[in-house]
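A.B. asks: Here it is, the structure, as structure tokens.
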Amino acid sequence: MSNAVAHAEAHGHAEHHTALQHHFETMQQQKEASTLGMWVFLLTEVLFFGGLFMAYLLYRTWYFEAFAEASRTIAIAPGAINTAVLIGSSLTMALGVRAAQTNQRTATVRWLIATIFLGLVFLGVKVYEYADKFEHHHVPGANFISESPWAAQEQIFFSLYFTMTGLHALHMIVGVAIMSVITWMAAKGRFDEHYYTPVEMAGLYWHFVDLVWIYLFPLLYLVERHN
Amino acid sequence: MLDTLKLPERHYLNNGHGLKSWLLTKDHKRIAIMYLISISAMFLLGGLFAAAVRVELMTPEGDLFLADNYNKMFTMHGVVMVFFFLIPSTPAVLGNFLIPPMIGAKDLAFPRINLLSLYIFWVGAAFFFYALFAGGVDTGWTFYTPFSSFASNTNVVPTALGAFISGFSSILTGLNFIVTIHRMRAPGLTWFRLPLFVWAHYATSLIQVLGTPVVAITIIMVFVERAFGFGIFDPTRGGDPVLFQHLFWFYSHPAVYIMILPAMGVISEVVSTFSRKTIFGYSFVAFSSLAIAVFGFIVWAHHMFVAGISTYSAMVFSFLSFSVAIPSAVKTFNWAATLYKGAISFETPMLYAYGFFGLFLIGGLTGLFLATLGVDVHVHDTYFVVAHFHYIMVGGAIMGYLGGLHFWWPKLVGRMYSEFLSRISAILVFVGFNLTFFPQFILGYMGMPRRYHAYPDEFQVLNIMSSAGAGVLGIGYLLPVIYFLWSLKYGEVAGPNPWGASGLEWQIPSPPPTENFKEQPVVHGEPYEYTPHVAREANLV
Amino acid sequence: MGSFGIPLFPEQASTFARDIDALYLFILAVSAFFALAVSVAVVVFGIVYRRRHAGEVGARIEGNLPLELLWSIIPTMISMVMFGWGASSYFHMRTPPAEALQIYAVGKQWMWKFQHLEGQREINELHVPVNRPVKVTITSEDVLHSLFFPSFRTKMDAIPGRYTQLWFEATKVGEYHIFCTEYCGTNHSGMIGKVVVMEPSEYQAWLAGGGVEGTLVERGGRLFQDLACNTCHLDTGKGRGPSLNDIVGKTVELADGTTTVVDEGYLRESIINSQAKIVRGYQPLMPAFQGLVSEDNLVALVEYVKSLSPTATTAAPAAATPPAAPAAASTNPPGAGEKN
């Protein structure tokens, strides 16, 4: 059982949930505001990543050969594993929201921890991939070495690769941090079937970051692989 | 009636004392005041850079500053004024303070995010100050590549990061306003009963959330080029410097509408109040705000007509650029029509509104010259453009902001300022402004390029006129600092509604209590209703 | 031309100037009309409808649909006139006549280098004949610049990695300003010069004082030999590279199946970044000359190859051509952490 009822009695307004912030009139209004706010935020994220996708679109059209060759040097396996890991983590996230919705504290905490774990696996694989790129001199700038006739434009591909996956990884790190806070809150019994909005909002964010990866994977790893 | 007015005993300013109660506040009104202080300081800084530019330009030779230092002066003037003054100005100060009371709410939807947005603004400004003390930056506020990514040897990264960070302050403000306006209106307050100030901020917020992320990512791309040697815009590796311009202007054009729409919102409120008449064509003005926000996103390449885009693209963008002028014209005609058969008085806020009319007219109309391809080829990157955007940004946006400050000051602090001094200030600003910037139209058509440290002799007379005007303008801007500060202690007590204005914010005490309303109001009537009864009760004529 | 000693317009020294000034005056007249009309209205209303006593309120007028439509539609129509006139002038300004005299301009921090076909090289000064169309093909060696001739009413950016162009026909003998109008660093305001418009006979005389190295085509021909281009680009087309005879203005098929028109931009790109657009049927064997040939010499090579297509005229370089690197780039990408 949540602490909400105990708080309401102590507070003197029996009608409202502890989590109702006082500038809102009802829990419903608060939840609707939070939800709209998160969707607007995710819209800004679409525009944020969008600039990079625009640059990618332009240069892939201009330098397809360079992009294809560069993409073929990237190992598919880690990327594919990561894709599966992230999709799995979205599943555990959704199950966590469901558990919170049905007031199952232990299950909520377990599913959230699973999500965090999968997120960390993703990041670990990324560290491996980046280290590998350094070794093979695929980092644009001073480190870059390539015999290919398209070496110059391959640097553009890798610049976009690192910026896009790097930005995504940063979002994952923030996501893991947010999840940790939400897990702690769940463990402390802050949520119940009337109030689990933070879990749901964190879920929206997590799904969005997952979705960005689902676009990044084919665009960066799978260019002209059918040859 | 006047003698019986007293300040309320408990209000947001005295509800809690000490630094912590301010720095950790969730009250939108206190956050607005902190923004007011912050951006006023930045405006002063930006003004100093402008003074440096205008003094140098009094003589044709570059004899006051070394070329590199002059380049830093105009760059930092632009960076400070755009990112740290104009973008926040009306929304962060007046929007933050007034939107909750205007819609009958106790606070914005996300008070802590509001505070976060202020902190983020400070962090962004801190990055800029670091860049300033480390020697400045000289790329122009537009950071064009490849100069900014490879050739400049000044503090591009901290400046760019400062702008990047401040962008998030803007995004969060916009997000907060959108959710607040959608979800926290009092019962009975339908969309078409909202004050036009709220409509204007809603449209502005749409631009803030959709446009700012794009410039943010563009700055990141320049950052990775400079810091890590990546190549996205680097022509030696096949990158396209013009791509930067497309990405940059995709935000920076709508950004100018972030700056002007809130000011237009202020004008709607002021014109209506001081003619005691409802705004003519309310729904046209409301929809025009939205139209400006939408069209503002599809015209960006009119900054790039000579940048090597195709003739065909140029024609498309020129055509679209005229479309964005029409809603602004519609608004202007509606404001003028509001005055017809009004009951007009000329207190300072109305003087600022009149000043806005004159200056925004010229600024907006000169945009037509720039949208017209044949003429733009000649005047692009000359002082004609500089004059145009200052007419809109300063003559429009700042007049609106100052007019709003003068209109709502009694609500913010509970006291009136000196009407005599404020009228002088308004007139000085109007005259000084025209003297500063009108000659620049002529200079531009004559061919004087922008960002020039030294210039041919024949441009000197007009440059001297411009610099003289800047002096007058500066005085006009400094006066309010004096009489506003003076009013805090010695100003006449204002009461809840000194102007006889309509709007929920005028029905609560001045200054308002922290929670704004004791009980949530219920709205029955239309906006901008003026009755003789209320008019007589207003304690100022 | 000016009033009270204050200049208002630059000289009208090109065929564009009169039209652009007329368009400018038209927009000015329309703007002045609206500005005055609205200003007078608000001032008159302010006087006629000023508040006369404390309780006075304005009339309750909510709007007027016909009026709204009127003042939306009329400005729209006027804008369309402005747009149409401006677009047509612009199209004219961006379409150089086929017989235009070709000049090359290379901008670099902080000077303009001009090259005439006859071999004459100039820095910050450009001599041109009067009453003859002149086409200037422009590029930059480092950052963005912009070539502006106020008296001709035309300008165009100089972009590293690409060719852009402008054209004009000077109508008045004399000397006029050249300005750089894209901020480019320290000496941006020093990147100025003058264009000297001369009578045709004087221009010929000036040309005769000519370039020591011969015409651009001659210089390009020597470079073609020195850089061993002739060893692969045989006339027969059976060498390692395609024949360069009569290719300018033609559409060629590339290795990836797309096609492109052979113009100055393509020629330049093929030298700098040879692998980017190889003609179908040939192997990617050509070395990339990026960093090995200066922009000035690239211009000579391009002119030489153009001379092998005596019947062709090149159209405007396609603005959408992706950039090839600027030759012998004087800026190098910084290593990590090198610059702030």
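The numbers here are math on the coordinates, done by the rules we state, and not lab data. Being a predicted model, the structure only gives us computed values, none of them experimental. Please note: Cβ atoms are built from the backbone with ideal geometry, for glycine as well, and neighbour counts cover all protein chains shown.
A.B. asks: Using a 10 Å cut-off around each Cβ, can you sort C:Ser140, B:Ser487 from fewest to most neighbouring Cβ atoms?
C.D. replies: Ranked by crowding around the Cβ, least crowded first: B:Ser487, C:Ser140.
A.B. asks: Can you give me the Cα centroid spacing of the stretch C:176-215 and the stretch B:56-128 in angstrom?
C.D. replies: 43 Å
A.B. asks: On the first, second and third principal axes, largest extent first, how far apart are the outermost C-alpha atoms of the stretch B:59-161 in Å?
C.D. replies: For the stretch B:59-161, the Cα extents along the three principal axes come out at 57, 30, 23 Å.
A.B. asks: I'd like the projected area of the stretch C:42-190, averaged over all directions, using the convex hull of its alpha carbons. Report it in nm² with one decimal.
C.D. replies: If I average the Cα hull's projected area over directions, I get 16.5 nm².
A.B. asks: Fewest first, what order do C:Cys180, C:Cys229 take by the number of other Cβ atoms within 10 Å?
C.D. replies: C:Cys229, C:Cys180
A.B. asks: On the first, second and third principal axes, largest extent first, how far apart are the outermost C-alpha atoms of the stretch B:24-537 in Å?
C.D. replies: Over the stretch B:24-537, Cα extents along the principal axes are 70, 46, 46 Å.
A.B. asks: Could you give the distance between the Cα centres of the stretch B:293-314 and the stretch A:159-197, to the whole Å?
C.D. replies: 39 Å
A.B. asks: Kindly provide the pair-distance distribution of the stretch B:221-303 built from C-alpha pairs, with 5 Å bins from 0 and whole-percent values in order of increasing distance.
C.D. replies: 3, 12, 16, 14, 12, 10, 9, 7, 6, 5, 4, 2, 0
A.B. asks: Something else: How do B:Asp68, B:Asp376 rank when sorted from fewest to most other Cβ atoms within 10 Å of their own Cβ?
C.D. replies: On the way: B:Asp68 17, B:Asp376 24.
Least crowded to most crowded, the residues run B:Asp68, B:Asp376.
A.B. asks: Please list the non-local residues whose amide H lies under 5 Å from the amide H of C:Trp112, H modeled 1.01 Å from N, same-chain partners needing a gap of 5 or more.
C.D. replies: C:Asn124
A.B. asks: Okay, moving on. State the antiparallel share, in %, of DSSP beta bridges confined to the protein assembly as shown, rounding to the nearest 5.
C.D. replies: Values: 37 of 52 bridges.
Approximately 70 percent, going by the DSSP bridge assignments.
A.B. asks: Which aspartates and glutamates have a Cα less than 20 Å from the Cα of B:Lys341, not counting those fewer than 8 places away in the same chain?
C.D. replies: B:Glu269, B:Glu526, B:Glu529, C:Glu56, C:Glu62, C:Glu68
A.B. asks: Would you please report the Å³ per residue occupied by the convex hull of the alpha carbon atoms in the stretch B:407-447?
C.D. replies: Working: hull volume 2.9 nm³, N = 41.
Measuring per residue, one finds 71 Å³ for the Cα hull of the stretch B:407-447.
A.B. asks: Using θ = phi - 60° and the Karplus relation 6.51 cos²θ - 1.76 cosθ + 1.60, list the HN-Hα couplings for the stretch C:15-30 in order, rounded to whole Hz, with x at every Gly or Pro.
C.D. replies: Each residue's phi maps through the Karplus curve to give 5, 7, 4, 5, 5, 5, 5, 5, 4, 4, 5, 4, 4, 4, 5, 4 Hz.
A.B. asks: Tally Lys/Arg at +1 and Asp/Glu at -1 over every other residue whose Cβ is under 13 Å from the Cβ of A:Ser34; what's the total? If you can, show how the numbers build up before the last one.
C.D. replies: Numbers: positive: A:Lys31, B:Arg112, B:Arg183; negative: A:Glu32, A:Glu200.
My count for the surroundings of A:Ser34 gives +1.
A.B. asks: Right, something else. Please say if the stretch B:269-388 is rounded, prolate or oblate, where rounded means a/c under 1.5 for a ≥ b ≥ c the square roots of the C-alpha gyration tensor eigenvalues, and otherwise the choice is prolate for a/b larger than b/c and oblate otherwise?
C.D. replies: Cα axes put the stretch B:269-388 in the prolate bin.
A.B. asks: Read phi for every residue in the stretch C:106-117 and hand back ³J(HN,Hα) as whole Hz from Karplus 6.51 cos²θ - 1.76 cosθ + 1.60, θ = phi - 60°, with x for Gly and Pro.
C.D. replies: 10, x, 8, 5, 10, 7, 10, 10, 10, 10, 9, 4
A.B. asks: Let me ask another. Of C:Val42, C:Val261, C:Val57, which has the largest mean-square fluctuation in a 10 Å C-alpha GNM of chain C?
C.D. replies: For chain C, modelled as a Gaussian network with Cα springs under 10 Å, the answer is C:Val57.
A.B. asks: Going out from 0 in 20 Å bins, what whole percent of all Cα-Cα distances in chain C drops into each bin?
C.D. replies: 25, 45, 21, 8, 1
A.B. asks: While we're on this one: Between the stretch C:22-42 and the stretch B:474-498, how far is it from one alpha carbon centroid to the other, in angstrom?
C.D. replies: 37 Å
A.B. asks: Could you name the lysines in cross-link range of C:Lys108, using Cα to Cα under 26 Å and dropping any fewer than eight places away on the same chain?
C.D. replies: Output for C:Lys108: B:Lys72, C:Lys135, C:Lys155, C:Lys194, C:Lys306, C:Lys339.
A.B. asks: Using only the Cα atoms, what convex hull volume per residue in Å³ does the stretch C:104-179 have?
C.D. replies: Taking the convex hull of the Cα positions in the stretch C:104-179, it is 82 Å³ per residue.
A.B. asks: Check the straight Cα-Cα distances from A:Lys31 and name the lysines below 25 Å, setting aside those fewer than 8 residues away within the same chain.
C.D. replies: A:Lys31 reaches A:Lys188, B:Lys26, B:Lys29, B:Lys106, B:Lys518.
A.B. asks: Please label the shape of the stretch A:26-221 as rounded, prolate or oblate, based on the square roots a ≥ b ≥ c of the eigenvalues of the alpha-carbon gyration tensor (a/c under 1.5 means rounded; beyond that, a/b larger than b/c means prolate, else oblate). Don't skip to the end; give the middle numbers.
C.D. replies: On the way: a/c = 3.30, a/b = 2.12, b/c = 1.56.
Prolate is the answer for the stretch A:26-221, as a/c is 1.5 or above and a/b outweighs b/c.
A.B. asks: Using only the Cα atoms, work out Rg/Rh for the protein assembly as shown, with Rh taken as the Kirkwood radius, to two decimals. Present the calculation step by step, with values, prior to reporting the outcome.
C.D. replies: Values: Rg = 31.6 Å, Rh = 31.7 Å.
Ratio value, two decimals: 1.00.
A.B. asks: For the stretch C:216-307, rounded, prolate or oblate, judged on the Cα gyration tensor with a ≥ b ≥ c (square roots of eigenvalues), a/c < 1.5 rounded, else prolate if a/b > b/c?
C.D. replies: Working: a/c = 1.43, a/b = 1.41, b/c = 1.02.
Verdict is rounded for the stretch C:216-307.
A.B. asks: Which whole-Hz couplings ³J(HN,Hα) result when phi for each residue of the stretch B:476-481 is put into the Karplus expression 6.51 cos²θ - 1.76 cosθ + 1.60, θ = phi - 60°, listed in order with x for Gly and Pro?
C.D. replies: x, 7, 7, 3, x, 4
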